[in-house]
Each structure stands twice: as C-alpha cells, then as structure tokens.
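A.B. asks: Quick one: the structure is below, and I'll ask about it shortly.
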Amino acid sequence: MKLPNGYGSVYKMGGNKRRRPWIARISSGMDYDEEKDKYTRKYKSIGYYKTKAEALNALAEYNANPYDVDANRVTLKELYEKWSENYFEKCAPSAKRTVVSAWSYCNALYRMRVKDIRVYHIENCINDAYIIPNIGKEKGKKRLATPSTKARMKSLFNLLFDYACIHEAADKNYARMFHLDEKIAEDRRKNKKPVVPFSPKEIQTLWENIQIPFVDMILIDIYSGWRPQELATLKIENIDLENNTMMGGLKTKAGKERIVPIHFAIRPLVERRYRIAKEIGSDDLFNDEEGQRGTHMTYDKYRGRFKKVMSRLHMESHRPHECRHTFITMAKKDLVDEYVLKLIVGHAISDITERVYTHRTIEQLKEEMNKISK
C-alpha cells in the first residue's frame with residue numbers, strides 16, 4: 001500500500017544479523033546538489049524496529065502526534081549542557097558550583113536518552129551515586145554521594161526534566177513523581193550542621209580586632225543582615241550616606257532592591273569602605289586590594305577571607321551566613337518590629353493586610369534598626 005505524500009516511509013536495511021532492521025523515517029526538507037543540479041529529499045529516522053508492522057505503527061503515531069525528532073533523541077548529558085548554558089548566566093558562582101558538583105554524581109545516566117529515563121532510573125542513580133576523584137587524597141577511590149549531595153541531585157533532576165518537558169524531550173517530569181528515601185532525608189537532617197549565631201562575647205572580640213583585614217566586613221554584615229552574596233556585591237552607587245541607607249539584595253522578589261538602614265555602630269566602617277572604593281575607582285563597596293584576580297569582591301573571595309579571620313580569632317565553627325542569623329537574633333532580642341525586620345532582611349510577608357495596605361517609611365526602618373544595641 002502506497003503511503004500518502006509527506007507521510008514518511010519505512011524500509012528494511014540490508015544484512016541478516018540486524019535485530020531491528022526496519023527504519024521509520026520522515027521528510028526533513030530538501031537539499032540542492034550543485035554537481036547534479038537537482039534537489040534531493042532529506043530524511044530523519046524516527047527509530048529502528050524488528051518488523052515492518054512496528055515501523056508503520058511508529059510512523060502512524062508520529063503523524064497522529066508529531067514531535068521534534070531531534071529532541072526525542074537527546075541524551076541527558078546533551079540536555080544538561082543546553083539547560084546549564086542558560087541557567088548559569090543567572091545564578092551566583094556558589095550556586096553554579098553546587099549544580100556542577102551534583103551533576104558529576106549523575107554519571108550513570110549521562111548517555112541515556114531523556115525519553116527513555118523513568119522514575120526507577122533516577123532513583124537508582126541517586127541511591128547508588130558516586131564519583132572517582134582524579135586529584136587529592138581520594139584520587140582513584142570511589143567517593144559515595146552524601147545525603148546532602150543526593151538531595152541536590154534530586155533538585156537538579158527536577159529542573160532538568162522541567163526543561164525537557166518544555167522542549168519536548170520528555171512528556172513527563174519523572175523526577176517530580178517520587179520523593180527521596182526517608183532514610184536519605186533523615187541522614188541529611190542528622191548531618192546538617194546547626195546554625196550558630198555569634199555570641200555577644202565573639203562580637204566584642206571582632207570589635208577588638210577591627211584592624212584585621214575583613215573583620216569590618218563581617219561586622220557590617222552582623223549589623224545589616226545581608227546574605228553573604230548580597231554583601232559581597234554591594235555597589236557604592238547604592239550606598240546613600242546622606243540618608244544613611246544601603247540598597248541591594250538577591251534571590252527572591254522580597255529580597256531584591258531592598259533598603260537597609262546603616263546601623264549607627266557600623267556607620268564609620270561603611271564610610272571608610274566607601275572612601276577607599278572612591279579612591280581606587282571601584283564600583284564595589286568591598287574590595288580586596290591584595291587580590292590576585294582584581295580588587296572586586298565575590299562571594300568566593302569573601303568566604304576565603306572570612307575563614308582566615310575565623311581561624312585567626314579561634315572561631316572556626318562559624319560560617320558566613322551566620323552573620324545574617326546573628327543580625328536576626330539580635331533584632332528579635334531588642335524587639336524590632338516583626339514586619340520591619342522582614343523588610344530589612346528580605347523575607348516574604350504572608351499577612352495580607354501588612355503586605356498590601358501597610359507602607360513602612362524609611363524613617364520607620366531606621367528607628368527600628370537603631371533599637372539594636374551595639
């Protein structure tokens with residue numbers, strides 16, 4: 001039976017040892033052959049099949065519900081490369097490192113076609129995940145994924161399959177059709193390091209060692225509540241010394257472009273940083289004049305400087321984001337208004353009346369900020 005024009009075709013490849021000798025293919029346009037001065041038709045194969053009937057059935061299914069044949073063949077590795085190309089342009093370096101690390105443990109599925117991946121493939125990949133480092137103390141040895149890494153792998157698969165569904169490389173997000181094994185979640189909770197705010201004594205130690213490079217940056221954060229990435233990327237154009245405010249923020253709608261009053265205790269520290277930035281012609285409030293890759297500050301640089309300060313002052317247990325937790329702890333202790341505090345640190349406000357109908361002035365923010373004692 002002759003198939004309709006533009007419908008596609010099936011044919012059998014030569015050789016007797018092929019398990020799936022029948023090809024179903026569709027037309028993908030025309031090519032002009034200059035030597036022969038004529039056009040020849042181009043084809044794309046849908047797949048290979050054991051029988052002619054199976055090939056015809058696949059062709060019928062394609063014509064009933066056409067799809068992108070190239071997307072249908074994409075491997076997980078190819079999908080990740082396409083997705084990450086766009087995703088990495090918008091995320092912070094620390095977030096990029098997290099994704100790259102999680103992806104390295106997904107190696108069992110790199111070459112598998114996205115359309116063939118199912119729930120059990122993803123579950124097995126996560127449960128049995130490992131890498132073999134080629135440098136360091138563990139070089140050549142199998143390193144199993146930690147509970148936290150497995151959780152990040154699950155999040156990455158969620159995002160990848162969202163992208164796959166949008167671009168028709170998958171018809172379902174199988175990654176979102178299951179939850180991590182309870183044991184993994186429990187292990188993650190047990191291994192999660194507790195957040196410990198700086199104690200008043202530790203804050204006093206920081207003030208007493210203000211001459212140490214970057215101690216001032218840590219104190220500014222303790223009295224401002226910025227996320228580490230937000231702190232590191234503050235611009236001098238957003239420092240209003242006349243009105244005593246800073247503006248910045250990342251991550252969430254509530255957190256972006258928020259106003260943070262400059263606490264009286266850190267005003268001299270901010271002024272000094274502002275003056276230095278102007279003197280060296282920098283757009284950034286914080287600069288590392290000894291930096292080997294330019295003076296501008298990044299989260300990675302800040303984290304490195306933070307660790308050195310903590311080591312020197314014997315506070316190794318602290319991490320950069322604990323400055324933010326310290327600020328919130330101090331604010332609550334000194335009875336800063338709950339909604340003003342949320343505005344300052346960039347937390348979403350769930351109360352409809354407060355969010356929609358109450359408009360806080362900058363003066364109110366300053367008044368509440370200065371409730372926090374030094």
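A.B. asks: If packing is taken as the average number of other Cβ atoms within 10 Å across a peptide's residues, how do 156-169, 32-45 rank, most packed first?
C.D. replies: Most protected by this proxy first, the peptides run 156-169, 32-45.
A.B. asks: Among 288, 300, what's the order by accessible area (1.4 angstrom probe), most exposed first?
C.D. replies: Most to least solvent-accessible, the answer reads 300, 288.
A.B. asks: Which one of 24, 239, 148 has its Cα pushed farthest toward the positive end of the charge dipole of the chain, where Lys and Arg give +1 and Asp and Glu give -1 at the Cβ?
C.D. replies: 24
A.B. asks: Next question, about the same structure. For a quick check of understanding: with a 1.4 angstrom probe and all protein chains in place, what accessible area in square angstrom does residue 327 have, to the nearest ten?
C.D. replies: 0 Å²
A.B. asks: Please find, in a Gaussian network model of the chain (springs between Cα atoms separated by less than 10 Å), the residue of 242, 81, 257 whose mean-square fluctuation is greatest.
C.D. replies: Maximum among the listed residues: 242.
A.B. asks: With an 8 Å cut-off on Cα pairs and a minimum separation of 6 or more residues, tell me the relative contact order of the chain in percent.
C.D. replies: For the chain, the relative contact order is 11 percent.
A.B. asks: Within straight cross-link reach of residue 278, meaning Cα distance under 16 Å, which lysines are found once same-chain residues fewer than 8 apart are removed?
C.D. replies: Counting by Cα, and skipping residues close in sequence, residue 278 has these lysines nearby: 235.
A.B. asks: Springs between alpha-carbon pairs under 10 angstrom, Gaussian network model over the chain: which of 213, 228, 194 fluctuates most?
C.D. replies: Looking only at 213, 228, 194, the biggest GNM fluctuation is shown by 194.
A.B. asks: Turning to a different aspect of this structure: Top to bottom by accessible area (1.4 Å), largest first, where do 280, 26 land?
C.D. replies: Highest to lowest solvent-accessible surface, that is 280, 26.
A.B. asks: Continuing with this model, one more query. Given a 1.4 angstrom probe, I'd like the percentage of the accessible area of the chain that is carbon and sulfur, rounded to a whole number.
C.D. replies: 49 percent
A.B. asks: In whole Å, what is the distance between the alpha-carbon centres of region 215-229 and region 152-168?
C.D. replies: Region 215-229 and region 152-168 have Cα centres separated by 35 Å.
A.B. asks: Could you state the accessible area per residue of the chain in Å², with a 1.4 Å probe and every protein chain left in place?
C.D. replies: Per-residue accessible area for the chain comes out at 60 Å².
A.B. asks: Something else: What is the spin-label model distance, in nm, from residue 204 to residue 104 if the labels are put 7 Å beyond Cα along the C-beta direction?
C.D. replies: For the pair residue 204/residue 104, the computed spacing is 4.4 nm.
A.B. asks: Fully extended, how many nm does the chain gain between residue 97 and residue 296 (0.36 nm per residue separation, minus their Cα-Cα distance)?
C.D. replies: The span from residue 97 to residue 296 would gain 69.7 nm if fully extended.
A.B. asks: Residues of region 109-126 with backbone nitrogen within less than 15 Å of a virtual label 7 Å along the Cα-to-Cβ line of residue 166, please, listed as ranges.
C.D. replies: In region 109-126, the label zone of residue 166 (backbone N under 15 Å from the point 7 Å along Cα→Cβ) covers no residue.
A.B. asks: Now for a different question. Show me the ranking of peptides 135-144, 307-316 by mean Cβ neighbours inside 10 Å, starting with the highest.
C.D. replies: By packing density, highest mean first, the sequence is 307-316, 135-144.
A.B. asks: Same structure again: How far is the Cα center of region 102-117 from the Cα center of region 124-146, in Å?
C.D. replies: A separation of 16 Å, based on Cα centres.
A.B. asks: Rounded, prolate or oblate: which fits region 278-339 when a ≥ b ≥ c are the square roots of the eigenvalues of the alpha-carbon gyration tensor, with rounded for a/c under 1.5 and prolate only if a/b beats b/c?
C.D. replies: The shape class here is oblate.
A.B. asks: What nm value, rounded to one decimal, do you get for the distance between residue 17 and residue 347 when each label is placed 7 Å out toward the C-beta?
C.D. replies: Taking the simple label geometry, residue 17 and residue 347 are separated by 6.9 nm.
A.B. asks: Which of these, 201, 172, 301, has the largest mean-square fluctuation under a Gaussian network model of the chain (Cα springs below 10 Å)?
C.D. replies: 201
The values are calculated or read from the model by the stated rules, or taken from the named source; none is laboratory data. Remember, it's a predicted structure, so these values are computed and weren't measured experimentally. Here the Cβ is made from the backbone with ideal geometry for all residues, glycine too, and neighbour counts use every protein chain on show. We work out accessible area using only protein heavy atoms, side chains counted, and drop any ligands, DNA or RNA first. Shrake-Rupley method; radii C 1.70, N 1.55, O 1.52, S 1.80 Å.
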